[in-house]
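Worksheet: the structure to be examined is printed underneath.
The numbers here are math on the coordinates, done by the rules we state, and not lab data. Keep in mind that this is a model prediction, so the values were computed, not measured. Cβ atoms come from the backbone with ideal geometry, glycine included; neighbour counts cover every protein chain shown.
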Amino acid sequence: MSEQIKLNIGLFGFGVVGESLWRVLQQNASLSAAVSKVCIKHADKKRNAPAALFTSNAAELLNDDSINVIVELIDDADAAYAIVTTALKSGKAVVSANKKLIAEHLGELLALQEQHNVPFLYEAACCASIPVIRNLEEYYDNDLLQSISGIVNGSTNYILTRIAEQGLCFADALQLAKEKGFAESDPSLDIQGTDAANKLTILLAHAYGIVTDPGQVTHTGICNIDKADSRYAKEKGYEIKLVAHAGKLEDGSVAAYVLPQFLDKSSPLFHIKDEYNGVVIESGLADRQFFNGKGAGGFPTASAVISDLSALRYRYKYEYKKLYNYSPSSLSDDFYLHIYVSVDAGIDIPGGQFERITEWWGNQLRTYITGVIHFAKLKNATWWKRSGVSLIVLPDGIVPSAQKELYEQDALLPV
Ligand SMILES: NC(=O)c1ccc[n+]([C@@H]2O[C@H](COP(=O)([O-])OP(=O)(O)OC[C@H]3O[C@@H](n4cnc5c(N)ncnc54)[C@H](OP(=O)(O)O)[C@@H]3O)[C@@H](O)[C@H]2O)c1
């Protein structure tokens, strides 16, 4: 058995997650990991820990040769980039929870790990307490992984649950989420789907070896979900969830998007409420597996950081097997999606964009359409991102391309 490394930690950030981590490490001497210094931003803030532990000078941690691990838990992705890259270049192992930093700089961070032969672990960055990255790395072989779908953002799931269960409008549900501490004071990254797209970008690397820019992942959030959409969901027995999806197409390429989706009871994600996250993985042999857990919060997130620290003691590194050991997959926009669109009175739905329309109805306030659309058309269009338009994927989601000819023959249909 290989000898365990003793971890001497330089911790950046003493907020919700940083302080929780420090508390757990204080109480668990068996982890062989001690925080020797904490760097924070505001030196004069009162802390629930000895004053000698703190500094606001990053160099004190980064230049200290006795510190062999940097744990980066700050809320500023640009400052985090400087901290993480400096630490990796100086040969220190790094643990981070910062999905924005990781997704936006994944290519460079991969290169730094290779170049300096240092581990960089970030389980907490995707779904906090749910161990999805390590499972994708270690358990699922490239050829067997058919799809990964998840509710990966707790704030939006809380808002959607309150809309569905209390009949609140989006603005009131967002306000409630802020009051309960489930949404940040600037919730834009969450409600516009950017946070989920960042997480999907990270998952794509570990699931399929795809390294892409989060801006290339088609995504939208939940700001345009209307009460009328909620009523439609109720009538049909659906729940509306913001779903991050990546799945293999028939030709081996990968479809990926973050979009609101109607789910029926047969989906395990249907049952994920409030701030919880859920991930469904489908694979050839294991069939369907489902992870459910807390996607946010101090201790749940710290649990993933602790798991990374524990792995570091045994010199664990991500191998990015799907990227380096197999031929990585590539993203494709060549597939068909079954969608629902509802719009305020006065807004036209471009029916000609659809391969086939399955239903079209309306009243004085709103017009509705369901139909099949080619994903590339959706990706390149902006009409569905306007205010007053909500687009929600129907439960069957991606339509098999075997039916493509049928859609072409039936092709539609004037507005
Ligand atoms: N909270 C969650 O549930 C959760 C879940 C998953 C992932 N994460 C990720 O974990 C990270 C930390 O989140 P959090 O909720 O713990 O944030 P937070 O409560 O807002 O705390 C942020 C901490 O970062 C410190 N900080 C900010 N800029 C700094 C800088 N330039 N140098 C040193 N310290 C700096 C702040 O210092 P002061 O105390 O002096 O202000 C504060 O201690 C983020 O990347 C977040 O996305 C959080």
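So which trypsin sites (Lys or Arg not before Pro) in the range 194-291 are both in a DSSP loop and have at most 12 other Cβ atoms within 10 Å of their Cβ? Those that pass, being in a loop and sparsely packed, are Lys265. When only Cα pairs below 8 angstrom with a gap of at least 6 residues are kept, the range 133-293 shows a relative contact order of 34 percent. Computed on the range 336-409, with alpha-carbon pairs under 8 angstrom and 6+ residues apart, the relative contact order is 43 percent.
Shown here for the range 1-61: chymotrypsin sites (Phe, Trp or Tyr not before Pro) in loop regions (DSSP other than H, G, I, E, B) with at most 11 other Cβ atoms within 10 Å, of which there are none. Near Thr358, the amide H atoms lying under 5 Å from its own belong to Thr370, Gly371, Val372; only residues 5 or more places off or on other chains count, and H is placed 1.01 Å from N. Rounded to the nearest 500, the helix-only mean residue ellipticity at 222 nm of the chain stands at -9500 deg cm²/dmol, with each DSSP H run of n ≥ 4 adding -39,500 (n - 2.57). Per-residue Karplus couplings for the range 40-45, computed as 6.51 cos²θ - 1.76 cosθ + 1.60 with θ equal to phi - 60°, are listed in order as 10, 8, 9, 5, 8, 5 Hz, Gly and Pro entered as x.
Rounded to whole numbers, the Karplus 3J(HN,Hα) couplings from phi for the range 52-60 are 5, 6, 9, 8, 10, 9, 4, 4, 4 Hz, using 6.51 cos²θ - 1.76 cosθ + 1.60 with θ = phi - 60°, and x at Gly and Pro. When you filter the GluC sites (Glu not before Pro) in the range 229-288 for DSSP loop state and at most 12 other Cβ atoms inside 10 Å of their Cβ, you are left with Glu250. When only Cα pairs below 8 angstrom with a gap of at least 6 residues are kept, the chain shows a relative contact order of 17 percent.
Each residue of the range 325-342 is assigned a 3J(HN,Hα), and the resulting list reads 9, 10, 7, x, 6, 10, 7, 9, 9, 8, 8, 10, 10, 8, 10, 10, 10, 10 Hz, derived from the Karplus form 6.51 cos²θ - 1.76 cosθ + 1.60 (θ = phi - 60°), x at Gly and Pro.
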